[in-house]
Amino acid sequence: MKGLFQLPPRSTKAGDLSLVNKLTKPTPASRGVTVRQGKGIMERMPSIRAMANRYLGQYADIYKVIQDEKELEDYITKAIEDGELAIDTETNGLYFGEMIIAGLCLYSPSQAGVYVPLNHVSYITMAKLDGQLSEQFVAEQLARLVDTKLIFFNAKFDIRVINQTLGVELIPYWDGYIGARLLNENEPDNGLKALHNKYVLKGEGESFDYGSIFKGIPFSHIPINVAYLYAAHDAVITYELYKFQQPFLTKDHSTCIERNLQGVAHVFREIEMPLISIVAQMEDTGIALDLEYARGLEKKYGQELAKVEQEFFDELDKYKDDIDQYRKQMGPACKLDERINLNSPTQLAILLYDVLDITPVDKKSPRGTGEDILEKINIPLTCILLEYRRLQKLMSTYITKLPASINPRTGRLHASFNQMGTDTGRFSSADPNMQNIPSRNTDIRQMFVASEGHYLLSSDYSQQEPRITAHMSRDKKLIDAYRQGKDLYVEIASIAFGLPYEDCMEYNADGTINPAGRERRGQSKAIVLGVCYGKGVPAIADDLGITREEAQKIYDQIMRAFPGLERFMIESQNMARELGYVDTVWGRKRRLPNMQLDPYEFTYSGKAPANFDPLAFDQEVSNEVPEGIKRKYTAMLNKAYWSEKQRIIAQARNEGIAIKDNGGHIAEATRQCVNSRIQGSAADMTKMAMLLVGTDKQLKEWGFKLLLTVHDELIGECPKENAKWVAERFSTLMIEAAKDLDVPSKCDVVITERWYGEPLEIG
C-alpha cells in the first residue's frame, strides 16, 4: 500500500469502512450546555476512549495534531510542493446558520495525516481548550493553496464550511463522492468509509460509524487527543479513494480507455467538478420569500381545506345508517372515531371496504387508500378526499413549511442541492425540495420573490427533451421540423394523421381555439413524451384518457411516420443488453444491469438435483438444471399471463425446481433505456448552461446571481437597471450550452418580481 499510494504504514484492516457521511454527524449542542451535561459526557468518556482506541488506536503514532503555527505553515508549504492536499472539515451539525467548525483534517502524500483543532471546548465547563490555532491564521494558510490540487469527499459541504467560517474560497480539484456516483450510480452505499473499504481495502476493513464511537456527542466536545485520530483518518482515506478513482476518471489513462470511460471522465472533469463551486455559491445566496404573501396563502388555503373537510362529512352523512349499523355490530371493538379521522389509513380502509363494501381495485393492496387507488374507486367521497389531501399537502409541505425554513441570519431560504441526486444526473434538493414545488399551482412559486431593487429572471429550454430525442434518434423529419421552426407536436400530428399542419394546431388563424387540432397535438405530445419517459402504450392510454386500442393505433401511426423514434428505442435497448449501460449525448453512463438478466433463472430447490444418484460417487454430478427442462418451462411461461405463470412456477417447485421470474426487473430496465439517455442528456445540458451562466464575467459585472435550478429551469436575479441586458446574455448562454445538438435550441427568459409572477416588459 505504501509503495502504491505513498502513504504511511498501516494495517490491512484499517477498521474504517461504514457510512459516516457528514450528513449523519450530530447537530450542534445548545450554547447553554450545563455542567450536569458535562458530567454525562464525562461518564461516557472512558467508553469513548476505548472505542476510539479499538478502531483508530493503530494510528496513534502515525497521525498528528498540529497545535503550532509554524508547524501548520510548514505542512502547507510541503503540501504545495506535493501539489495535492486532501481536506475534510469537522463541524457541529449541518445547519449553516449555526454551524461551528471544530477543526480541519489534512493529508498530503509526503506527510502524515493531521488534524488542526480550532474550536474544541471542555465538555465540562464549555471553555475553549488551549493548544488550538486561530481561525485567522488557518485562513491565511489555506489561502496559499491556489495552485494546489484540493481533494475532497462531498466537496460542496466542505468549501461552504470553510468559506462561511474562515472566509476562504477554495476550488476543489477532486470530489470522491461525485466520482463514485459517476463510476457506479447504482452503488448501494456512497459513504466515504463504505467506498474506501470496498474499493481500497477490498472489503477487509472493520465497520464503524461516528455514533458508535462518540455516542452522538458534538465533535467540538471530544478531547483533541481522541478527536484527531478520527479526523485525520478521514483526510487520509479521502486521498486514498482519490488515488483509486483517478485512473478511471482520467481521459488519457489506459484504465479509463480500456473501460470505455472517456465520456464519463469528460462529464466528471468538464461538467460536474467545475459545477461544485457554482452550486455552493447558489446555496450561499439563497432566495427571498414574501412572508406577508405567505400568510395570505395560509389563510386562503386554510379556509379551502376546512371547506373541503366539511364537504367530506356532508357527503359522509349519506352513509350514516351504514356507519351506525357497522358501529353497532362491532361494539367496543369498533375502530371508527365518532368523527372519522381523514388522515387515518386504517379508518379510511374500514369506511371504504367494511362499511361501504367497495370491491378492492388493487390486488396487491386490497385495502389500500393511496391516491392511485382512490382515483380508481372514483366515487364522490374519494374525489373529495383526494382534494383534501392535495390541499393538506400544499399547506404542510409548502405554505407553512417554507417560511419556517428561512435562515434567521440571512432572512433568506437556502435549499440544499445535490448535483448527483438522481441516477440520471439530474439535481435533487432538500430543505425544501425545490424540484417538487408545484408548477401548475402558481400560488406556491409566487412566494419566492426578488431582493429589493432586483428582478427575478427565469430561463428554461423550450421542449428540451423532445429536441434531444430528435438529435439522438437522427430522425430526419423530427430534425427538419425543428430546423424549420415548426411546433414539433403539430408537425408529428400532421404527418402521422395525414392532415394539413393547420388542422393540428391548437389555435386557428384568428386566435380562436381549434378543439380537434388541440386534441391531435395533445395526442402526439403524449406519445413523444411517453417515448422520452419510457412509457408503454397502456400508460400513454391512461394519460390520454382513451382505450389501449386507440392509443396503440396512434402510437403505430407515429412510429410509421417517424421511423427514427422506434429505431432509437431499439438501439437503446440493444445497447443496454450488450453493454449493460446506455449513455448520454455528452458521455454520462446509466448502468442497467437488469437488461442482461435471463428472463428466468432455474435452480434446484434442494441441495442436489432431483435426479441425483447417490451411488455415482466416482462421477462429477452437475447441479445445473438441464437445458431441456429450462426450455420446457420457458416455453410455457412465455405464453402465460401472470396468474398462469404463478401456477407454472408452483408446479415446478413441486418438482424440485425453483424458478425466478426476472420479467419485472427486465421490463423496468427496458423502460429506463430511452428515458435515461434523454433525461441524462437534459441534465448534462442544463448543468453546462449553469456553468456558462455562473462563470460569465459580464453577468457578474451586471450583478447577476444564480438562485435556483429546477429541472431544465434556471432562476437568478439582478439589479432592475440591468435586467434587459442580463436577460439577453442569459438566453444566449443557455442556447450556447446546447450547441452540440443537431437541432436548434430555444430559450425564453422571463423577467418578473416574483417567481411565476406577471412577466415584465423591460424597454
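Please treat every number below as a calculation from the coordinates, not as lab data. These figures come from a predicted structure and were not determined experimentally. Cβ sites come from the backbone with ideal geometry, for glycine too, and all protein chains shown count toward neighbours.
Taking Cβ atoms as reference points and 11 Å as the exclusive limit, the residues near residue 744 contribute a net charge of +3, counting Lys and Arg as +1 and Asp and Glu as -1. If you add up the charges near residue 756, with Lys and Arg at +1 and Asp and Glu at -1, over every other residue whose beta carbon is less than 13 angstrom from its beta carbon, what do you get? Overall, the nearby charge balance is -3. Stokes-Einstein diffusion of segment 613-763 at 37 °C, 0.692 mPa s viscosity, Kirkwood radius from Cα pairs, rounded to a whole number: 155 µm²/s. Note that segment 364-503 carries a Kirkwood radius of 19.8 Å, evaluated over its alpha carbons pair by pair. For segment 479-611, the direction-averaged projected area of the alpha-carbon convex hull comes to 12.8 nm². The distance separating the Cα centre of segment 234-303 from that of segment 132-200 comes to 12 Å. Among 224, 271, 80, the order by Cβ neighbours within 10 angstrom, fewest to most, reads 80, 224, 271. Hydrodynamic analysis of segment 291-403 uses the Kirkwood radius over alpha carbon pairs. Inserted into Stokes-Einstein at 20 °C and 1.002 mPa s, it gives a translational diffusion coefficient of 139 µm²/s. The modelled label-to-label distance between residue 341 and residue 129, using points 7 Å beyond Cα along the C-beta direction, is 4.7 nm. Under the convention that each Lys and Arg Cβ holds +1 and each Asp and Glu Cβ holds -1, the size of the dipole of segment 291-403 around its Cα centre is about 400 debye. The phi torsions of segment 699-708, fed into the Karplus equation with coefficients 6.51, -1.76 and 1.60 and a -60° offset, translate into couplings of 4, 5, 4, 7, x, 7, 9, 7, 10, 8 Hz, rounded to whole numbers, with Gly and Pro shown as x. By the count of other C-beta atoms within 10 Å, a proxy for reagent exposure, 427, 248 are ordered fewest to most as 248, 427. Pairs of C-alpha atoms in segment 14-249 farther apart than 29 Å represent 23 percent of all such pairs. Working from label points 7 Å from Cα in the Cα-to-Cβ sense, the residue 310 to residue 507 distance is 4.0 nm.
Considering only 257, 342, 55, the residue lying farthest towards the positive end of the dipole of the chain is 55, judged by Cα position with unit charges set on Cβ. Ordering 172, 596, 557 by Cα displacement along the dipole of the chain toward the positive end leaves 596 in first place; charges were set at the Cβ atoms of Lys, Arg (+1) and Asp, Glu (-1). Straight Cα distances below 20 angstrom link residue 697 to the lysines 687, 705, 720, 724, with same-chain residues fewer than 8 positions distant left out.
The alpha carbon radius of gyration of segment 448-522, expressed as a multiple of 2.2 N^0.38 Å, is 1.47. Compared with the alpha-carbon gap, the fully stretched path from residue 519 to residue 483 is longer by 10.5 nm at 0.36 nm per residue.
With 28 Å as the limit, the listed pairs 364/645; 535/589; 64/202; 393/660; 477/639; 376/589 have 393/660; 477/639; 376/589 beyond it between alpha carbons.
Could you pull out every one of the aspartates and glutamates with an alpha carbon less than 14 Å from that of residue 215, ignoring same-chain neighbours closer than 8 positions? Qualifying aspartates and glutamates at Cα under 14 Å: 43.
Our summary gives the chain a relative contact order of 13 percent, counting only alpha carbon pairs under 8 angstrom and 6 or more residues apart.
A Förster radius of 35 Å, combined with the Cβ-Cβ distance separating residue 69 from residue 189, puts the computed FRET efficiency at roughly 0.35. Taking label positions 7 Å along the Cα-Cβ direction at both residue 137 and residue 298, the computed distance is 4.8 nm, reported to one decimal. Exposure proxy shown here: for 160, 339, the number of other Cβ atoms within 10 Å sets the order, fewest to most, as 339, 160. If you model segment 253-305 as an ellipsoid using its alpha carbon gyration tensor, with each semi-axis the square root of five times an eigenvalue, the axes come out at 48, 15, 5 Å, biggest first. About its Cα centre, the dipole of the chain is roughly 1100 debye, where the only charges are +1 on Lys and Arg Cβ and -1 on Asp and Glu Cβ.
Positive-end ranking of 191, 394, 435 along the dipole of the chain, with charges on Cβ about the Cα centre, is headed by 191. By the rule of a C-alpha distance below 28 Å, with chain neighbours fewer than 8 residues away ignored, the lysines paired with residue 328 are 318, 320. The eigenvalues of the Cα gyration tensor, multiplied by 5 and square-rooted, give segment 47-145 an equivalent ellipsoid with semi-axes of 23, 19, 13 Å from largest to smallest. Positive contributions from Lys and Arg (+1) and negative ones from Asp and Glu (-1), summed over other residues with Cβ under 11 Å from the Cβ of residue 720, come out at -3. For segment 14-249, relative contact order (Cα pairs under 8 Å, six or more residues apart, normalised by length) works out to 32 percent.
Binning the alpha carbon pair distances of the chain at 10 angstrom intervals from zero yields the distribution 2, 11, 17, 21, 21, 16, 9, 3, 0, 0, expressed in whole percent.
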